[in-house]
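First up is the structure itself, then whatever we jot down about it.
The values are calculated or read from the model by the stated rules, or taken from the named source; none is laboratory data. Only a predicted model underlies this, so the values are computations on that prediction, with no experimental measurement involved. Positions of Cβ are generated from backbone atoms using ideal geometry, with glycine treated the same way; all protein chains shown enter the neighbour counts. Just so you know, the surface numbers come from the protein's heavy atoms only, side chains and all, with ligands and any DNA or RNA stripped out. Shrake-Rupley method; radii C 1.70, N 1.55, O 1.52, S 1.80 Å.
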Amino acid sequence: MFRKRFYYFIKMQYLGYRLHGWQKQPDVKTVEGLITKTLGWVMPEAKCKILGTSRTDAMVSAEESAFELFLDHEPLEDPDEFLDLFNKNLPQDIRALSIEEVDKNFNIIQHSKTKEYAYLFSTGKKFHPFCAPFMANFQEDLDIEKMKQAAELFQGTHNFKNYCVRVSDKSTFEREMLRSEIVENQLYTANFFPEKSYIFHIHAAGFLRHQVRLMMGALVLVGRGELSLDDIKESLLPDNSHFQMDYIAPASGLILNKIEFD
């Protein structure tokens, strides 16, 4: 028997500090798991499933992410009313931003164009504990100017095999970084934030597993003087495993800032 299916594109945001990433897992709280549970409360009789656009790691937050809702048999009578009810039942650290009906040709994985990550961090004196969910704190004096120069070296098309973990040799390691820079943070503010903090901005069509945090880790090593600019250049060359990066920056500073779609 033919089954009618309806498709909805939902943008959302979340604070990842207490969550174990996007993907549903047994016995721990995840973004996907809490969304699925909430849908069960809001639409107890509905047959539905969801597909996320990006699998963030534990403690990673999202300023703007998205998922696709597949709903069988009956469409939503009033999508805006559903969105209000959905938000009332979601945990306070997850919020749905918008909803749009799409057709079966829309693919949330294949239609994403660019992903923008922001890694928020401070240096020097230990920060206020309230900062912990939003930024990483490196309690040392890092050479920020040298780190800025190193970040610029990531921009463009390079081989990032040294900046990923647990991937198949069939993975595509050559990626184009559309933007890569460290700037002083003026995007996120709070009265308990340090007087000065920084953002590592990195934009691309896609990233390898732990790529951004390994890139940030390499920048910290440059700031400490343990890696040079030439080391970063060499690490991006094909078939160069001498500079396999193993320092993964803390997850709590990483924010999926935005995803653009075709």
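Couple of notes before you dig in:
- Highest mean packing first, where packing is the average number of other Cβ atoms within 10 Å per residue, the peptides 102-109, 231-238 line up as 231-238, 102-109.
- A 1.4 Å probe, protein heavy atoms only, puts the accessible area of S98 near 50 Å².
- Rounded to the nearest 20 debye, the dipole size of region 108-202 about its Cα centre is 360 debye, using +1 on the Cβ of Lys and Arg and -1 on the Cβ of Asp and Glu.
- Residue-wise HN-Hα coupling along region 208-214, computed from phi with Karplus coefficients 6.51, -1.76, 1.60 (Hz; x: Gly, Pro): 7, 4, 6, 4, 5, 5, 6
- Heavy-atom accessible area ranking, 1.4 Å probe, most first, across E77, E260, E100: E77, E100, E260
- Ordering 114-124, 31-41 by mean Cβ neighbour count within 10 Å, with the highest value first, yields 114-124, 31-41.
- In a reduced charge model with +1 at each Lys and Arg Cβ and -1 at each Asp and Glu Cβ, region 44-88 shows a dipole moment near 340 debye about its Cα centre.
- Region 166-219, relative contact order [Cα under 8 Å, separation at least 6], %: 41 percent
- Dimensions (Å) - the chain, Cα atoms, principal axes, largest first: 63, 45, 32
- Among the listed pairs K146/K196; K47/K113; K24/K47; K37/K115; K29/K258, a Cα-Cα separation exceeding 20 Å is found for K47/K113; K37/K115; K29/K258.
- Computed from Cα atoms alone, the Kirkwood hydrodynamic radius reported for region 66-162 is 18.6 Å.
- Peptides 139-148, 55-64, ordered by how many other C-beta atoms sit within 10 Å of their residues on average, highest first, read 55-64, 139-148.
- Spin-label zone in region 48-73 - amide nitrogen under 20 Å from a point set 7 Å from the Cα of F106 along the C-beta vector: 48-55, 63-73
- Applied to region 224-230, the Karplus parametrisation 6.51 cos²θ - 1.76 cosθ + 1.60 on θ = phi - 60° returns per-residue 3J(HN,Hα) values of 7, x, 8, 10, 9, 5, 5 Hz, with x for Gly and Pro.
- Distance between modelled label sites at E140 and R209, nm, 7 Å Cα→Cβ extension: 2.8 nm
- When only the Cβ of Lys, Arg, Asp and Glu is charged (+1, +1, -1, -1), the dipole of the chain relative to its Cα centre reaches about 640 debye.
- Solvent accessible area, Å² - R5, 1.4 Å probe, full protein context: 70 Å²
- Across region 167-180, coupling constants 3J(HN,Hα) worked out from phi with the 6.51/-1.76/1.60 Karplus curve, θ = phi - 60°, read 10, 6, 5, 7, 5, 8, 8, 7, 10, 9, 8, 6, 8, 8 Hz, and Gly and Pro carry x.
- Close amide-amide hydrogen proximity is noted between N185 and S197, Y198, I199, each under 5 Å apart and 5 or more residues distant or on a separate chain (H modeled in the peptide plane; Pro and chain starts excluded).
- Sparsely packed loop sites in region 183-215 (the chymotrypsin sites (Phe, Trp or Tyr not before Pro) outside DSSP H, G, I, E and B with at most 12 other Cβ atoms within 10 Å) comprise F192.
- In the chain, the longest principal axis of the Cα atoms and the axis of helix 31-42 are about 20 degrees apart.
- Sorted into 5 angstrom bins from 0, the C-alpha pair distances of region 112-262 split as 2, 9, 20, 23, 20, 14, 8, 3, 1, 0 percent.
- Region 103-148 shape via C-alpha gyration tensor axes, a/c threshold 1.5: oblate
- Between H242 and E64, residue separation times 0.36 nm minus the direct Cα-Cα distance comes to 60.5 nm.
- Y7 accessible area, assembled protein chains, probe 1.4 Å, Å²: 40 Å²
- The Cβ shell under 12 Å around C48 holds other residues with a net charge of -1, Lys and Arg each +1, Asp and Glu each -1.
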